């Protein structure tokens with residue numbers, strides 16, 4: 001008991017010192033290194049850069065009700081990346097012998113960028129696997145010839161993750177606009193029939209259980225003959241909804257044990273994202289795909305500069321990665 005009391009006293013003393021060194025007044029998620037309660041904020045070291053994401057630009061053909069990156073036909077805060085922009089980072093990976101295997105492309109809608117087919121081809125020709133997030137609507141279908149050629153040449157090295165929020169048209173369309181469900185499902189069907197490796201990204205927009213959602217998607221995809229295993233969380237990814245008005249708890253180092261979650265499973269432990277801001281002379285590297293506008297997560301222009309630890313100082317860090325258990329770049333094992 002005595003030894004236990006000494007340990008408890010020491011723990012309290014350390015906590016007291018940390019609180020003394022913390023800022024005195026701030027809101028939740030405001031301070032980079034401290035929570036609003038004055039506790040040390042959890043941070044994530046970069047274990048290995050296994051996945052590098054490129055945001056090809058925030059312009060999109062549709063405006064969704066709750067888009068975390070605010071993509072729309074008018075939002076060009078992140079401008080189109082060029083083939084040269086992407087080449088420079090692929091060169092850095094190869095020059096420095098980084099363990100990066102997967103190159104992800106996100107937007108906006110990647111196929112809005114006229115350079116995207118050439119960017120995809122360059123990436124695949126260098127031996128990387130690719131994962132493209134798309135709504136599979138008109139910007140993609142306008143480039144069917146180029147996409148089909150890449151599928152024929154590179155086959156399993158290419159993955160397409162199609163955003164189909166729900167297995168019910170009315171739920172998806174409420175979020176993404178009238179007739180969006182039908183157009184996206186047709187685009188998914190075309191990719192599948194062309195021989196692409198396809199998967200679906202859904203969102204929990206209703207009170208349905210995950211089991212009910214997976215069962216609903218299994219019926220939908222089965223009726224269309226689309227070979228996606230809805231029980232496999234890497235083939236049907238059901239993401240938590242990220243809302244600006246959410247109020248999740250802040251994450252401290254103690255949370256790993258309480259939640260029985262490993263920091264190695266958080267996205268910024270093995271991934272980074274490249275963006276090019278409007279008016280900027282060059283691209284920059286961000287901590288992850290979810291935080292394009294918060295300057296605290298801008299890690300500099302190179303992958304080397306972006307290798308430092310990341311503090312979980314945004315509500316999306318808690319909602320999506322830690323509490324939601326989501327991961328954008330998981331490598332398929334099937």
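We did not get these values from a lab; they are worked out from the coordinates using the rules stated. Worth saying up front: this structure is predicted, and the values here are computed from it rather than measured. A quick note on method: Cβ atoms are made from the backbone with ideal geometry, for glycine too, and the neighbour counts reach across all protein chains shown.
A few remarks follow.
- Distance from the Cα centroid of segment 66-94 to that of segment 112-176 is 15 Å (rounded to whole angstrom).
- A viscosity of 0.890 mPa s and a temperature of 25 °C, combined with the Kirkwood radius over C-alpha pairs in the Stokes-Einstein formula, give segment 64-144 a diffusion coefficient of 177 µm²/s.
- On Cα atoms only, tilt of 83-96 relative to the major axis of the chain in degrees: 50
- Estimated FRET transfer efficiency (residue 47, residue 294; beta-carbon r; R0 30 Å; 0.05): 0.85
- GNM result for the chain, Cα springs below 10 Å: residue of 317, 64, 288 fluctuating most strongly: 64
- Taking Cα atoms only, the orientation of helix 180-193 departs from the longest principal axis of the chain by about 70 degrees.
- Between 0 and 90°, nearest 10: helix 210-224 axis offset from the chain longest Cα axis: 10
- Only beta bridges with both residues in the chain are counted; by DSSP, about 20 percent of them are antiparallel.
- Equivalent ellipsoid semi-axes, the chain, via Cα gyration tensor eigenvalues times 5, rooted, Å: 36, 24, 19
- Length gained when the stretch residue 193-residue 101 is fully extended (0.36 nm per residue, less Cα-Cα span): 30.5 nm
- Computed log₁₀ I(q)/I(0) - Debye formula, equal Cα scatterers, no solvent, segment 148-191, q 0.31 Å⁻¹: -1.06
- Projected label points at residue 138 and residue 212, each 7 Å from Cα along the beta carbon direction, are separated by 3.5 nanometres.
- Each helix, a run of at least 4 DSSP H residues, gives -39500 (n - 2.57); summed and divided by the residues of the chain, these come to -9500 deg cm²/dmol at 222 nm.
- Gained length - residue 278 relative to residue 223, 0.36 nm times residue gap less alpha-carbon distance: 15.4 nm
- The listed peptides 119-125, 254-260, ordered by packing as a protection proxy, come out as 119-125, 254-260 (highest mean of other Cβ atoms within 10 Å first).
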